[in-house]
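Please read the structure below before turning to the comments.
The values are calculated or read from the model by the stated rules, or taken from the named source; none is laboratory data. Predicted, not measured: the structure shown is a model, and the values here were computed from it. Cβ: placed from backbone, ideal geometry, glycine included. Neighbour counts: every protein chain shown. For accessibility, only protein heavy atoms count, side chains too; no ligands or nucleic acids. Shrake-Rupley method; radii C 1.70, N 1.55, O 1.52, S 1.80 Å.
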Amino acid sequence: MLPLIAPSILSADFAALGDAVRRLDEAGADMIHIDVMDGHFVPNLTFGPGMVRALRPHSALPFDVHLMIEPVAPYLEAFAEAGADTIHVHAEAGPHLHSSLQKIKALGKKAGVAINPATSPDVVGEVRELCDVVLVMSVNPGFGGQVFLDSQLRKIERLRAIVDEAGTGALIEIDGGVTPDNADRIVAAGATALVAGSAVFAGGPSAYAANIQALRAHA
Ligand code: DX5
Ligand code: ZN
């Protein structure tokens with residue numbers, strides 16, 4: 001099965017994000033990955049629910065919102081109302097992952113568990129009934145353009161077994177340093193969705209479609 005491709009707008013021109021989202025939609029993306037950063041949980045700042053609301057009219061594609069913020073619970077409703085379709089919360093962002101996932105589901109959205117490179121995939125097993133997506137960080141979160149951590153391939157294989165055993169059909173989405181050169185190994189390990197920022201935006205808008213296709217084709 002071909003993986004879903006979720007371009008990350010962290011690599012887009014922040015002065016033209018509406019245009020970027022429209023172009024990604026036209027270029028054949030499956031989802032739009034929106035990286036929310038608070039300068040506390042990660043050493044970078046991006047945008048909040050207002051940006052999701054502003055971008056919503058520019059594409060009907062699912063908005064795959066990655067919350068790299070702490071605390072996260074106070075903001076879930078705002079992102080849901082702004083137009084997020086999937087909301088990823090980090091297992092490391094406080095003690096109440098289970099209740100945050102419950103809240104996302106209660107808001108009618110898909111719930112994602114994001115796990116950093118040092119976090120065990122076993123955490124997913126404890127929230128399997130609430131987890132629609134596992135977002136595996138294959139870089140340390142905060143910035144685009146980093147190099148894929150090969151150590152995470154083993155984790156993807158372990159997650160594949162956990163998700164298959166749970167029988168939930170949860171997506172295994174990989175985020176960070178994904179390129180056409182490593183996409184096949186990532187999918188072979190068990191991934192079903194690929195986030196890519198720099199690999200999609202390289203070469204400018206005229207290259208988006210080819211870059212997205214290159215990620216799918218090599219997988
Ligand atoms: C990093 C973000 C990623 C990043 C991916 O903290 O969560 O989504 O934007 O960018 P690339 O594909 O360039 O590593
Ligand atoms: Zn991300």
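Points worth noting:
Let's see how each residue does on (1) closer than 25 Å to V36 by Cβ; (2) crowded, with 23+ Cβ neighbours inside 10 Å; (3) at pLDDT 95 or above:
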residue	(1), (2), (3)
A166	no, no, no
R185	no, no, yes
A189	no, no, yes
T192	yes, no, yes
F201	yes, yes, yes
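- Given (1) away from ligand 1 (no atom under 16 Å from the Cβ); (2) in contact (Cβ under 8 Å) with a residue 24 or more places away in the chain, number of the condition M137 does not satisfy: (1)
- Looking across segment 165-186, the residues that are part of a helix (DSSP H, G or I) and more than 21 Å from T86 (Cα to Cα) come down to E165, A183, D184, R185, I186.
- Restricting segment 203-219 to residues that are open to solvent by 30 Å² or more (accessible area, probe 1.4 Å) and among the small types (G, A, S) leaves a set whose member that is farthest from ligand 2 (Cβ to nearest atom) is S206.
- Here is the figure for segment 120-152: residues that are open to solvent by 30 Å² or more (accessible area, probe 1.4 Å) and not aromatic (F, W, Y) total 15.
- Selection status of A114, open to solvent by less than 20 Å² (accessible area, probe 1.4 Å) and either in a loop (DSSP other than H, G, I, E, B) or in contact with a Gly (Cβ under 8 Å, 6 or more places away or on another chain) (or both): no
- Criterion: in contact with a Pro (Cβ under 6 Å, 6 or more places away or on another chain), without any contact (Cβ under 8 Å) to a residue 40 or more places away in the chain and part of a helix (DSSP H, G or I) - qualifying residue of R154, R158: R158
- When residues in segment 175-219 are screened for being touching a Ser or Thr at 6+ places or on another chain (Cβ under 9 Å) and acidic (D, E), 1 of them pass.
- Residue selected from segment 153-164 under the condition among the aliphatic types (A, V, I, L, M) and open to solvent by 20 Å² or more (accessible area, probe 1.4 Å), by the criterion nearest to G94 (Cα to Cα): I162
- Residues considered: L4, L24. Of these, the only one that is hydrophobic (A, V, I, L, M, F, W, C) and open to solvent by less than 40 Å² (accessible area, probe 1.4 Å) is L24.
- For segment 27-59, the set of residues classified as surrounded by fewer than 22 Cβ atoms within 10 Å (Cβ to Cβ), touching a helix residue (DSSP H, G or I) at 6+ places or on another chain (Cβ under 8 Å) and charged (D, E, K, R) consists of R53, R56, listed by residue number.
- Taken together, the residues in segment 170-183 that are under 23 Å from I115 (Cβ atoms), open to solvent by 10 Å² or more (accessible area, probe 1.4 Å) and among the acidic types (D, E) amount to 1.
- When A170 is tested against (1) within 14 Å of the chain's Cα centre (by Cα); (2) within 16 Å of ligand 2 (Cβ to nearest atom); (3) of a type outside the set (S, T, N, Q), exactly one condition is not met: (2).
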